[in-house]
Ligand code: NAD
Ligand code: GLY
């Protein structure tokens, strides 16, 4: 009995590491089980000195189950930490929330070598990262993502920011974390709808560049339930996704080229989020609908097969994701597309699929085609 407990302990301490090899800001993404509470030791490994002041930013859903032991681990390692709990949700991703983090940074006397830790989903990560990027012109920060979406996407790559009333993520900065610490066990408390939303980004990696991952997802019976998927499968999915993201970010940290491919499905996704009011659709859900929409655009242009499009749709449906285009005013869609960050020199830019595992960036999409597409999508 004692022996088997010992074995379980050893297995749970195994940590997989994916490196993000950026020339100026290299860091590790560490993935494992029950590692949230070794945050103090992880910081010591990074040579962060005892006595360093740390602001942990979280929200009630995450802080309630996890923050007490998290903060204790920091104190045990000699850090002076303070917890700031702010309301989460996409509608909170505003400059007002950044002010709250800056105020707490002031009260907790954060200095240049102090640290901000984001303990939460992508909203907390984007906001805490942006506050760190702007406090004293930039202090270090660490991502501890607790949603599947933030684990596979938002926590890696250094995009931080908040929304502007006229568009998503329009205010932001590139600021790489010093470490990303992923504890898969936190997914046990994540609502199923949120888990599915994260799976949209995983499926995205399959379509944009990893047909092996796509096939693995096709072979997996269930894509919407953490318990049914099982620890080993989730670990593999997270590792493959983080590697896919790291590969692209290493090649193009500031999105001057291929990083734009990560926005597959996001151009229409952002329009949906923007026009329906942040919060109605989860980010991953909007991306799912966006992937189907841009797939249809590629079919209309004769660039993608209906067969691959239906493989994509099947996978999204298996993850319990929405695929149907919502009713939206066409002129508002066009206006929103024109205000999107992906407009370059006045031209609409889309990441279009060619095959499972292959996409490309196209500036050859005309407004007329978007109008036709919406008529088509509304009829599907
Ligand atoms: P989120 O941060 O809003 O989290 C979703 C919900 O789950 C919230 O209500 C949160 O309180 C709750 N939650 C989080 N972890 C939990 C846990 N372990 N147990 C119980 N509840 C938990 O949403 P998200 O999907 O993680 O992130 C979406 C955001 O990420 C969007 O704002 C999007 O723009 C951004 N994003 C950023 C990048 C990037 O590169 N920076 C990439 C993709 C998405
Ligand atoms: N999620 C898109 C990016 O990180 O570039």
Handout entry: Antiparallel bridges, percent of DSSP beta bridges restricted to the chain (to nearest 5)
Key = 45 percent
Practice task
Would you look at the GNM of the chain, springs on alpha carbons closer than 10 Å, and say which of 308, 153, 331 moves the most?
Solution key: 331
Handout entry: R0 of 56 Å, Cβ-Cβ distance residue 45-residue 376: FRET efficiency to nearest 0.05
Key = 0.55
Exercise for the section: Enter the angle in degrees (range 0 to 90, nearest 10) between the Cα long axis of helix 2-13 and the first principal axis of the Cα atoms of the chain, meaning the one along which they spread out most. Expected result: 60 degrees
Fill in the blank from the handout: Between the Cα axis of helix 231-251 and the main Cα principal axis of the chain, the angle (0 to 90°, nearest 10) is 80 degrees
Problem - Potential extension, residue 247-residue 354 segment - 0.36 nm per residue separation minus Cα distance - result: 36.5 nm
Handout entry: Kirkwood-based Rg to Rh ratio, the stretch 27-134, C-alpha trace
Key = 0.94
Handout entry: Rounded tilt (10° steps) of 60-76 against the dominant C-alpha axis of the chain
Key = 40 degrees
Problem - residue 99/residue 174 FRET efficiency (R0 30 Å; Cβ-Cβ; nearest 0.05) - result: 0.90
Practice task
Mind telling me which of 365, 271, 62 comes out most flexible in a GNM of the chain, alpha-carbon contacts under 10 Å?
Solution key: 365
Practice task
With an 8 Å cut-off on Cα pairs and a minimum separation of 6 or more residues, tell me the relative contact order of the stretch 180-309 in percent.
Solution key: 24 percent
Exercise for the section: Alpha carbons only, please: Rg and Dmax for the chain, in angstrom. Expected result: 20.6, 69
Exercise for the section: Given the options 214, 195, 174, state which has the largest fluctuation in a GNM of the chain using a 10 Å cut-off (strictly under) for Cα springs. Expected result: 174
Handout entry: Extension reserve of the residue 68-residue 37 stretch, reckoned as 0.36 nm per residue once the Cα distance is removed
Key = 10.2 nm
Completion exercise
Once residue 331 and residue 211 are pulled to full extension, the length gained, defined as 0.36 nm per residue separation minus their Cα-Cα distance, is 39.6 nm
Completion exercise
FRET efficiency for residue 14 and residue 347 from the Cβ-Cβ distance with R0 = 35 Å, rounded to 0.05, comes out at 0.15
Practice task
In Å³ and rounded to a whole number, note down the convex hull volume per residue for the Cα atoms of the stretch 197-338.
Solution key: 123 Å³
Completion exercise
One quarter of the C-alpha convex hull surface, i.e. the mean projected area of the stretch 21-68 in nm², amounts to 4.8 nm²
Fill in the blank from the handout: Rounded to the nearest Å, the spacing of the alpha-carbon centers of the stretch 241-269 and the stretch 270-299 is 17 Å
Fill in the blank from the handout: So, relative contact order of the chain in percent, Cα under 8 Å, 6 or more apart, is 14 percent
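Values quoted throughout were computed directly from the atomic coordinates according to the rules given, and no laboratory measurement underlies them. Small disclaimer: the values here were computed from a predicted structure and weren't measured. No Cβ is skipped: glycine too gets one built from the backbone with ideal geometry, and neighbour counts run over all protein chains shown.
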